[in-house]
2 protein chains.
Amino acid sequence: MSSNNRLIFLPLGGAGEIGMNMYLYGYGPRNKERFILVDAGVTFPDMESTPGVDLIFADPSYIADRADRLDGIFITHAHEDHVGAIGHLYGLLNAPVYARRFTATVTRAKMEDQGRDLDQVIDVAAWPDKVKAGPFEVSFMPVAHSIPEASGLVIDTPAGRIVHSGDFKLDADPIIGEPFDPVLMREIARGGVHALICDSTNVFSQKPGRSESSLPEAITELVKDSTGLVVATTFASNIARLKTLADAGIAAGRSVCVLGRAMQNMLRYGEMAGVLHDFPPTVDLDDAHDIPRDRLMLLVTGSQGERRAASAQLANGKYLGFTLREGDTFLFSSKTIPGNETSVGRIINSLSEQGVDVIDDHSDKYHVSGHANRPDLETMHKLMAPKMMIPMHGEHRHLRAHSLLARSNGIASEIVPNGTMVDLTDDLPQIIDHIETGRLYLDGSVKIGAMDGVVRERLRMAIRGVVAVSLVLEGKDVVGVWVEPMGLPEGGLLDAGLADVLEAEVERALNGTTAKVLKNDDACEELVHRTVTKYCNDLVGKKPITQIMINRLV
Amino acid sequence: MSSNNRLIFLPLGGAGEIGMNMYLYGYGPRNKERFILVDAGVTFPDMESTPGVDLIFADPSYIADRADRLDGIFITHAHEDHVGAIGHLYGLLNAPVYARRFTATVTRAKMEDQGRDLDQVIDVAAWPDKVKAGPFEVSFMPVAHSIPEASGLVIDTPAGRIVHSGDFKLDADPIIGEPFDPVLMREIARGGVHALICDSTNVFSQKPGRSESSLPEAITELVKDSTGLVVATTFASNIARLKTLADAGIAAGRSVCVLGRAMQNMLRYGEMAGVLHDFPPTVDLDDAHDIPRDRLMLLVTGSQGERRAASAQLANGKYLGFTLREGDTFLFSSKTIPGNETSVGRIINSLSEQGVDVIDDHSDKYHVSGHANRPDLETMHKLMAPKMMIPMHGEHRHLRAHSLLARSNGIASEIVPNGTMVDLTDDLPQIIDHIETGRLYLDGSVKIGAMDGVVRERLRMAIRGVVAVSLVLEGKDVVGVWVEPMGLPEGGLLDAGLADVLEAEVERALNGTTAKVLKNDDACEELVHRTVTKYCNDLVGKKPITQIMINRLV
């Protein structure tokens, strides 16, 4: 019987994008596997593909349909792309959520936002402590990243030990949180690692990564050399960086004020979880206004150009009473995530117009990445010496490059994108199934499927414009025609506006057609659609979406 | 009298963005200046800010209103951001267009597309030849860039010599076209340069730029090492790069096939203009299909991820009968322009899914920029030794950094963004006026102003969705109510669809109001708008755009 047991791995999100991490491990006989879920993250919408959408989740249907066989949810760390969906999706999952203390604190806040039961979130100590979840024994393996208490998972299964790396970097001195500890890694690897499931985001970065501890000197020097107000932004959850920035402010003789709720929350969580002890004293907003600008440093949110965050508001003129001016310094202690270049550029240009000196990631001096670069990945492969390496967390190009890297070093590997079920039981990974996966959009207060067509319709309206037509018909008589173009140009050469011309043409078309057409809604609609399309195209070169409403009097 | 004459510079586009270059020089008494226009470029729309828009131009109103005082239009080179608008805007400008032969060939194609008089485009030889245009004498100064016959302009005015750099780089061996020639620059500068108006796009690149001639060896090696089909993309107008790529293919024993109309056109223009002599022999599409894939190299368009170009189509599966597969190589011999990262990433990931080895700009080996980097700009400043330097072609941050660079070297400088009129007559630039400028959108077949609200309405529809409502009223009686939501979710918890619920609520609201409201269109509209907004927000958490059409029976 037990020879029917198999160990499977199925990424639902994160293996096809950077973001939206959600990975499933299963063990047992086919269709009777017990499962654990690792991470429940979000990714963020953009105007190009998801206008109006609030958040994007991996579609959890596969495990939601088998929620009775889910024995636990493990959150590796408290970044949005690993924990942001837990509150939204929890109702579909309903299993205990395990995390280390800081991560659990953030996880509880996410659960609370969505009215979930906070008791489902369970604090767990790190290795060598273990959580038993069905056939799995799971231990949190401290790694360095850009947030406190980031962890990989050591997942012991009847088929052998899995190491799920989580997001990590090789940092011997991350300032806050545990360093990456090769001794610990070797201890974990000692009995043999069956499979390493490994972060791939920085596989294209060719040089070894740098330590968080390489930054304080340069940042302190920068702040000391600044004459006006100094403003710095970074990811709110990068508490080590916040501490480095604040320490630099203090060292330069400035008072430090933390603006932006996300940063204040993260510092509070850090203190609650006991990972943050020695953050320097800060001043509150009221006091900050009384301090001369050359004695003040502000820490603000919005390093990715988010429209409503402090950085964008300062760039646009004013935020909480602060206005920037010639001689001030604005430091992006952050990297611009691909896709955010335009938004960040907009902020930098606005600041430039105000005469502010902007220090951004053109120089490498004021930011380091939280992920393992290519040589660091090879180090991890060597430390773990797994039978197989499955790349996770990356776009397809990252997964492929990471997989090729492992193979070039003699480690078996497969590319396992979202929805691909791989059997890890034996010595070689075997792709055994493809599951329908996808994305859920939080759209207002509702979750919709990415393929539902709602967002596609919005994109079509934005590209083509809309013409709404209201008709009143009585039998074969046209009683009223009303045309309202939306998002369409007036038409440069027209005396009358576009609406007037379309109205006249629709009326003419209806009056020129047969009673048979007029009595048939579909035929009428088709005629009006054709007429509107033709004249819009003739007049302004566009073929709009039409919405035709026929009211019949009886 | 002549003491009233002044020399002015007014950027209409390009000094506030990378793209859309359009610069005006004027000389004469106030309000009687004679003008020349330099370049008439486009910039490209995106979904984030300009959905549905086809092309973006600088608003030429200022010079269009004074077209009788425009003595000439000078096109520095044939890139879209310098020449792309000439056909579209020519009707507003109506002055002779001067360009060197290759540029003039492309310019004529742009004019022909829009039905303009081709005789208005005049071929001009380079320095020391001169064109007299009103009070200006203009000479085309050959520079190196990423397109043949790129030129700066030497503009002699009664107030002194202006050097307008055009887009340029310091390349002693650009493969095709003239090298950057310091001897020529010194000759031009000998009598003194009053003002240098200078390209700023690469001011943040700290190292000296590299020559086009640094590429052939690495590219040839790459192609020789490839085993499957090799596909390479670059900008169609970079004829030197096309030649390098094709030469590399031939050296590797491959036949070369140029796909994509834009590339074929550019090669044809290059031959017509006499700048391209020794492009290697190519094969046509039919023959290419008969050649084994390891003996074939394709040159394709779409290096920026353009949806309809060859690269995107190959990534999506098939293009002109070619399908890529495991072991093929795809080379981006190009840089991804900021803002295009997502589109290019999409292509790379699709190629990765097909097992194609993608070589992109992570390595610097297969592409060099066409613009002068920061140290190169300093070299140009030294060669020209101008009294003042005005930065052009860049976002505000580039203009500012370039201006600060000049000042730090003791050269007077002002930041002169689009719409800023600067008086260059004396030894120091003086900002004297701000003109209302902006952008024109080509939207379908119509030009609209960026501030007209048309595109803003489209964006609002895409973010918020639309609810169209058609009412039929007879006096105070509600005869019909029809509600059509567009781009809105159905509402997860509803038994009835959103449309049904809204229709019922609108009907209830109308039936519950007073005769006074029902008889008044504005009041009715307001009531319906409020009702739709409230229930959409309650049901799906969104506040849509409403379009309410009231039909009254009499």
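Every number here is computed from the coordinates shown, using simple stated rules; none is lab data. Just so it is clear, the structure is predicted and the values come from calculations on it, not from any experiment. So basically every Cβ, Gly included, is an ideal-geometry build from the backbone, and we count neighbours across all protein chains shown.
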Considering only DSSP beta bridges with both partners in chain B, what is the antiparallel share in %, to the nearest 5? 55 percent
Compactness of the range B:31-171 - radius of gyration and Dmax, Cα, Å: 15.1, 46
Averaging over every viewing direction, what projected area does the convex hull of the Cα atoms of the range A:179-269 cover, in nm²? 9.0 nm²
Checked against a 31 Å limit on the C-alpha separation, the offending pairs among A:LYS169/B:LYS169; A:LYS534/B:LYS534; A:LYS207/B:LYS382; A:LYS335/B:LYS207 are A:LYS169/B:LYS169; A:LYS534/B:LYS534; A:LYS207/B:LYS382
When the convex hull of its Cα atoms is projected in every direction, mean area for the range B:1-77 (nm²): 6.1 nm²
From the label point of B:PRO158, set 7 Å along Cα to the beta carbon, how far off in nm is each other copy's matching point, shortest first? 9.8
With only alpha-carbon atoms in the gyration tensor, what are the semi-axes of the equivalent ellipsoid for the range B:223-278, in Å, largest first? 22, 12, 8
Relative contact order [Cα under 8 Å, 6+ residues apart], the range B:56-127, whole percent: 31 percent
Assign unit charges at the C-beta atoms only (+1 for Lys and Arg, -1 for Asp and Glu), then state the dipole size of the range A:210-362 relative to its Cα centre in Debye, rounded to the nearest 20. 400 debye
Cα pairs beyond 16 Å in the range B:454-552, in percent, come to 53 percent
Relative contact order in percent for the range A:473-543 (Cα pairs under 8 Å, 6+ apart) equals 33 percent
Per-residue Cβ neighbour rank within 10 angstrom, fewest leading, A:ARG30, B:ARG100: A:ARG30, B:ARG100
In Å, descending, principal axis extents of the Cα set of the range B:361-516: 81, 46, 30
Derived scalar couplings ³J(HN,Hα) [the range B:70-75; Karplus, 6.51 cos²θ - 1.76 cosθ + 1.60; whole Hz; x for Gly, Pro]: 8, 9, x, 10, 10, 9
Span from the the range A:21-60 Cα centroid across to the the range A:506-552 one, whole angstrom: 44 Å
Mind ranking B:314-327, B:251-264 by how tightly packed they are, going by the mean number of other C-beta atoms within 10 angstrom, highest first? B:251-264, B:314-327
Cα pair distances of the range A:314-447 binned at 5 Å [whole percent]: 2, 8, 12, 13, 11, 10, 11, 10, 9, 6, 5, 2, 1
Any chance you could tell me what percent of the C-alpha pair distances in chain B go past 32 Å? 54 percent
Placing the label point 7 Å from Cα along the Cα-to-Cβ direction, what are the distances from B:LYS224 to the equivalent spots in the other copies, shortest first, in nm to one decimal? 5.3
Suppose we keep just the DSSP beta bridges with both residues in the protein assembly as shown; what percent of those would be antiparallel, to 5? 55 percent
Other-chain or far-sequence residues with amide H under 5 Å of A:ILE432's (modelled H): A:MET421, A:VAL422, A:ASP423
Let me check I've understood the local charge: for B:ALA125, count other residues with C-beta under 15 angstrom from its C-beta, Lys and Arg +1, Asp and Glu -1. What total comes out? -1
What number do you get for the protein assembly as shown when its Cα radius of gyration is normalised by 2.2 N^0.38 Å, N = residues? 1.01
Sequence gap at least 6, Cα distance under 8 Å: using those rules, report the relative contact order of chain B to the nearest whole percent. 14 percent
Ranked highest first by average number of other Cβ atoms within 10 Å, how do B:101-113, B:335-347, B:146-158 line up? B:146-158, B:101-113, B:335-347
The set of residues whose placed amide H lies less than 5 Å from the amide H of B:VAL42, leaving out same-chain residues fewer than 5 positions away, is B:MET20, B:ASN21, B:ASP81, B:HIS82, B:VAL83, B:GLY84, B:ALA85
When A:TYR25, B:TYR441 are ordered from fewest to most other Cβ atoms inside 10 Å of their Cβ, what list results? B:TYR441, A:TYR25
How large is the charge dipole for the range A:407-554, taken about the Cα centre, if only the Cβ atoms of Lys, Arg (+1) and Asp, Glu (-1) carry charge, to the nearest 20 debye? 340 debye
Roughly how crowded by other chains is peptide A:342-354, in terms of the mean Cβ count from those chains within 10 Å of each of its Cβ atoms? 4
Within the protein assembly as shown: Cβ-based charge dipole about Cα centre, in debye rounded to nearest 20 (Lys, Arg +1; Asp, Glu -1): 420 debye
Between the alpha-carbon centers of the range A:103-150 and the range B:144-206, tell me the distance in whole angstrom. 61 Å
Distances in nm, one decimal, shortest first, from A:ASP294 to the same residue in every other copy, taking the label point 7 angstrom along Cα→Cβ. 7.1
Let me know the volume per residue of the alpha-carbon convex hull for the range B:216-363, in Å³. 102 Å³
Exercise: per-residue mean of other protein chain Cβ atoms within 10 Å, B:545-552: 5
Is there a simple number for the mean count of other chain Cβ atoms within 10 Å of the Cβ of residues in B:196-203, and what is it? 0
What fraction, in whole percent, of alpha-carbon pairs in the range B:246-302 exceed 19 Å separation? 29 percent
To check you understand DSSP bridge types, tell me what percent of the beta bridges within the range A:216-363 (both residues inside) are antiparallel, rounded to 5. 5 percent
Can you sort B:LEU405, A:LEU299 from fewest to most other Cβ atoms within 10 Å of each residue's own Cβ? B:LEU405, A:LEU299
Just going by the charge dipole of the range B:1-127, with Lys and Arg at +1 and Asp and Glu at -1 on Cβ, which of B:PRO96, B:ASN5, B:MET22 is farthest out on the positive end? B:ASN5
